[in-house]
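Trainee: Before anything else, here's the structure in question.
The values are calculated or read from the model by the stated rules, or taken from the named source; none is laboratory data. All of these numbers come straight from a predicted model, not from anything done at the bench. Virtual Cβ from ideal backbone geometry, glycine too; neighbours counted across all protein chains shown. Quick note on the areas: whole protein, heavy atoms, side chains included, nothing else; ligands and nucleic acids left out. Shrake-Rupley method; radii C 1.70, N 1.55, O 1.52, S 1.80 Å.
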Amino acid sequence: MTEKTLLSTVTPVFRGSHHLDELVGELQKLRQNLDQSTLPLELAEAIFVDDSSRDGSAKVLAYLDAKHDWVRVITLSRKFGQHPATVAGVLHSSGDWVATLDEDLQHHPSQLIALLRKAVAEEHDLVYARPEGNVHPGWLRDFASRSFKRFAGWATKRPEVVNFNSFRMMRGSVARAAAAVSRHETYFDVALCWFTDRVGCVPFSQRDRRQVYHESSGYRLKSLFSHARRLLISSEVRLLRLASAIGLAAMVAGAMGGAAIVVYNMAWPGMIPVRGWASLMVSILFFGGLISLLLGIALEYLSHLYLHVLGRPAYFVVDRSMDELLAPLVDNNHDHFGA
Amino acid sequence: MAVFGQGLVGGAITEAVRSALPELRITDKQRIAWESNATRRRQLASIDHLFHWWFRSGGWSPPPSRLELVWAAGRAGFAATEAETMLEYHAFEDVLVLAEELSRRLPGVCVTVHLISSAGALFAGQRVVGTGSRPEPRQPYGRLKMRQEQRLQNSKTPIHRRTYRLSSVYGYVTANGRRGLIPTLIANGIQGRVTRITGRPESLRDFIFAEDVGAFVAERIAQQRAYTAPALWLLASCRPCSIHEVQTVIEEVQGQPSYVTYSAAGTNAANITFSRAACPRCMRTGDLRTNIKKIHDHALCSGLPPNLSM
């Protein structure tokens with residue numbers, strides 16, 4: 001039996017009834033192309049996770065599941081959200097590489113090979129498709145998303161945050177390890193970064209087809225805020241350290257200011273007109289700073305405990321030796337899929 | 001009905017059949033003589049005599065119309081040598097010869113042989129095993145299972161044939177028999193011992209609970225439907241699970257870290273997963289996390305066997 005690298009795709013589904021058939025059609029084309037090529041690569045399975053869809057997606061998925069033996073449908077008991085649905089799908093995957101893509105063909109299957117090529121050529125474990133230009137009609141949403149990611153990248157000490165999105169190619173072992181430790185509040189991309197720092201990106205043009213074809217977006221403002229909150233609380237946040245530093249500075253300033261006030265009062269008694277002002281200010285400055293410092297330290301301990309509960313590992317072992325099988329993919333003389 | 005093997009799978013099948021058919025009574029229990037062919041054949045001759053008394057000599061009135069023989073016995077494991085697997089093959093062949101003889105001598109009786117085989121051994125190293133996948137065993141144990149299946153399929157007698165290819169089976173912690181990864185990790189976790197695992201953290205397996213296997217086989221036995229064509233089922237949860245994930249779940253359930261060493265020697269480190277399309281739709285499987293909790297609670301409540309060594 002010739003050894004092949006297996007690729008799995010995972011697609012969370014919430015409102016995809018209009019797009020799923022076309023998406024599976026495109027995946028089928030990719031699968032056939034790979035089958036006919038000389039590459040030792042196979043699209044082994046496409047996993048769809050029904051996240052309590054109410055638009056008829058379940059029926060479409062059942063039909064596709066019955067029609068294609070490489071399509072697999074997992075049905076969640078209630079709406080859990082995109083990241084938990086992704087985690088569920090990843091945990092059901094068998095591929096050496098696992099790609100996640102959206103239900104609405106915003107992420108085209110023909111781009112998967114380019115992501116994989118980038119991963120193998122540069123020895124990445126995780127490659128994102130970085131959107132070029134605006135994804136959504138109107139500038140505000142994309143601007144807000146980019147700005148928040150830049151802030152989050154600074155606040156969480158993770159510059160790769162700016163690349164986070166749901167069109168990813170992940171090494172299977174890393175993806176499943178990250179999924180295994182993910183909890184309901186874990187931001188999946190943050191969990192992935194606990195297991196690898198070999199992250200790359202490939203620029204692609206992406207368009208939110210839903211809004212382009214006059215459907216409403218898959219996300220409401222509330223769920224976008226929820227996403228943002230989840231990203232911050234899944235990470236070590238620089239602001240906690242900043243709070244501790246501010247507290248320490250305030251305490252030191254309070255002590256020095258307090259000493260200055262004491263010396264001034266002793267050197268020039270009676271110059272401060274209000275009785276008790278000096279002692280009150282010294283107390284406020286010193287103890288206020290001390291409380292800020294202690295709170296910062298306590299929050300930092302809490303943050304470490306929380307990250308431990310979230311499943312951040314002490315270490316993880318990876319085997320990249322099978323990437324050699326895909327050397328023909330990286331060979332520039334073989335432009336297999338033109339992406 | 002005769003169930004050969006009362007380990008993890010055989011025991012689960014027996015319990016499930018007794019639940020499905022409460023009128024069943026256990027009339028005899030024997031320990032299979034693996035090493036001595038002569039002793040084993042004497043044992044089988046006594047079983048043959050018992051069946052003859054039931055079916056022909058008026059020992060049971062009216063005489064039963066079905067005889068079910070389940071082969072769930074095994075001594076060899078994935079690390080077995082060819083010589084060890086031959087012992088097991090000869091034992092199975094003796095039981096099959098008994099079934100063939102009975103089917104010839106009891107023409108009005110439907111004799112069915114149920115063979116518990118191993119999908120993990122037959123499809124070692126294959127992933128997303130589907131209906132079109134071919135078994136390609138890599139180890140002596142896999143070749144043993146293939147030979148057993150072929151011997152059963154090639155029988156020229158009117159016996160009915162059922163083969164069940166199981167993925168990695170796990171069950172409650174017991175003192176005897178093969179335990180498997182999950183009960184071993186759980187028991188060692190309770191006792192604070194190190195578990196030595198042949199494989200890698202990212203090695204993928206498909207775990208199926210012994211009770212679910214027992215329920216499926218018992219249902220086939222209790223259905224009383226005569227499958228005239230040989231039937232072959234692949235019993236798997238179709239839920240790929242890495243060893244790392246199993247370890248993580250067990251640590252969560254136990255609330256403490258588990259101590260594990262890995263050795264990636266041999267083909268045991270290979271991945272094995274199954275496609276949903278290859279498994280029967282009527283197969284009911286439980287959630288891994290829930291079953292791990294059940295096993296852990298059972299081990300705590302009933303106490304670990306005193307002679308348990310891992």
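Trainee: Give the cross-link partners of residue A:157 among the lysines, using a straight C-alpha distance below 20 Å as the criterion and excluding same-chain residues fewer than 8 apart.
Mentor: Cα-Cα hits under 20 Å: A:149.
Trainee: Could you work out how far helix B:82-105 tilts from the main Cα principal axis of chain B, as a 0 to 90 degree angle to the nearest 10?
Mentor: The answer is roughly 30 degrees.
Trainee: If you don't mind, there's one more thing I want to ask. Could you check which residue among A:28, A:111, A:36 shows the biggest mean-square fluctuation in a GNM of chain A with a 10 Å Cα cutoff?
Mentor: Judging by the Gaussian network model, the answer is A:36.
Trainee: In the stretch B:125-158, what residues drop by 20 Å² or more of accessible area when the other protein chains are put back, versus the chain on its own? Use 1.4 Å, and skip ligands and nucleic acids.
Mentor: When all protein chains are present, B:126, B:127, B:128, B:136 each give up 20 Å² or more of accessible surface.
Trainee: Let me ask another. Across peptide A:313-319, what mean number of C-beta atoms from other chains lies inside 10 Å of a residue's C-beta?
Mentor: Average neighbour count from other chains, rounded to a whole number: 3.
Trainee: Please give me, ordered by residue number, the GluC sites (Glu not before Pro) of the stretch A:41-144 that lie in loop per DSSP and have at most 13 other Cβ atoms within 10 Å.
Mentor: Here the GluC sites (Glu not before Pro) that fit, given the DSSP loop and packing criteria, are A:122, A:123.
Trainee: Oh, and also: Counting only other chains, what is the mean number of Cβ atoms within 10 angstrom of the Cβ of each residue in peptide A:89-96?
Mentor: Mean shielding count: 5.
Trainee: Still on this structure, I have one more. Per DSSP helix of 4 or more residues, -39500 (n - 2.57); summed, then divided by the residues of chain B. What does that give at 222 nm, rounded to the nearest 500?
Mentor: Taking each H run of at least 4 residues, the total per residue is -13000 deg cm²/dmol.
Trainee: Same structure again: Would you be so kind as to identify which of B:71, A:172, B:155 lies farthest towards the positive end of the dipole of the protein assembly as shown, taking Lys and Arg as +1 and Asp and Glu as -1 on Cβ and the Cα centre as origin?
Mentor: B:71
Trainee: Once neighbouring chains are kept in place and the probe is 1.4 Å, which whole percent of the accessible area of the protein assembly as shown is contributed by carbon and sulfur? Walk me through the intermediate numbers first.
Mentor: Values: 17440 of 30770 Å².
Summing carbon and sulfur atoms, their accessible area is 57 percent of the total for the protein assembly as shown.
Trainee: Something else: Roughly how crowded by other chains is peptide B:244-250, in terms of the mean Cβ count from those chains within 10 Å of each of its Cβ atoms?
Mentor: If you average over the peptide's residues, the count of other-chain Cβ atoms is 3.
Trainee: Right, here's the next one. When you count, for each residue, the other Cβ atoms within 10 Å and take the mean per peptide, how do B:211-222, B:14-25 rank with the highest first?
Mentor: B:211-222, B:14-25
Trainee: Let me ask something else about it. Using a ≥ b ≥ c from the Cα gyration tensor of the stretch B:74-146 (square roots of the eigenvalues), is it rounded, prolate or oblate, where a/c under 1.5 gives rounded and otherwise the larger of a/b and b/c decides, a/b for prolate?
Mentor: oblate
Trainee: Taking the stretch B:40-127, which chymotrypsin sites (Phe, Trp or Tyr not before Pro) meet the DSSP loop condition and have no more than 12 other C-beta atoms within 10 Å?
Mentor: Listed in order of number, the matching sites are B:60.
Trainee: Right, here's the next one. Would you mind getting the accessible area per residue of the protein assembly as shown, heavy atoms of the protein chains only, 1.4 Å probe, in Å²? List each step's numbers first, then the result.
Mentor: Numbers: 30770 Å² over 649 residues.
Normalised by residue count, the accessible surface of the protein assembly as shown is 47 Å².
Trainee: Name the most mobile residue of B:206, B:28, B:287, meaning the one with the largest mean-square fluctuation, in a Gaussian network model of chain B with Cα contacts below 10 Å.
Mentor: Sorting by GNM fluctuation, first place goes to B:28.
Trainee: Under 20 Å Cα-Cα from residue A:79, which lysines qualify once same-chain neighbours fewer than 8 residues away are excluded?
Mentor: A:59, A:222
Trainee: Using a Gaussian network model of chain B with C-alpha springs under 10 Å, which one of B:198, B:290, B:27 is most mobile by mean-square fluctuation?
Mentor: Ranking B:198, B:290, B:27 by mean-square fluctuation puts B:27 first.
Trainee: Chains B and A: buried accessible surface, both sides, probe 1.4 Å, rounded to 100 Å²?
Mentor: Heavy-atom accessible area buried at this interface is about 1800 Å².
Trainee: Continuing with the same structure: Return the aspartates and glutamates within reach of residue B:29: Cα separation strictly under 15 angstrom, same-chain partners fewer than 8 residues apart disregarded; answer none if there are no such residues.
Mentor: Those aspartates and glutamates meeting the cut-off are B:15, B:48.
Trainee: OK, next. Given a cut-off of under 8 Å on Cα pairs at least six residues apart, what relative contact order in percent is computed for chain A?
Mentor: Over chain A, the number comes to 18 percent.
Trainee: Now, a different point. Expressed as an acute angle from 0 to 90° and rounded to the nearest 10, what is the orientation of the C-alpha long axis of helix B:243-254 relative to the principal long axis of chain B?
Mentor: Approximately 80 degrees, to the nearest 10.
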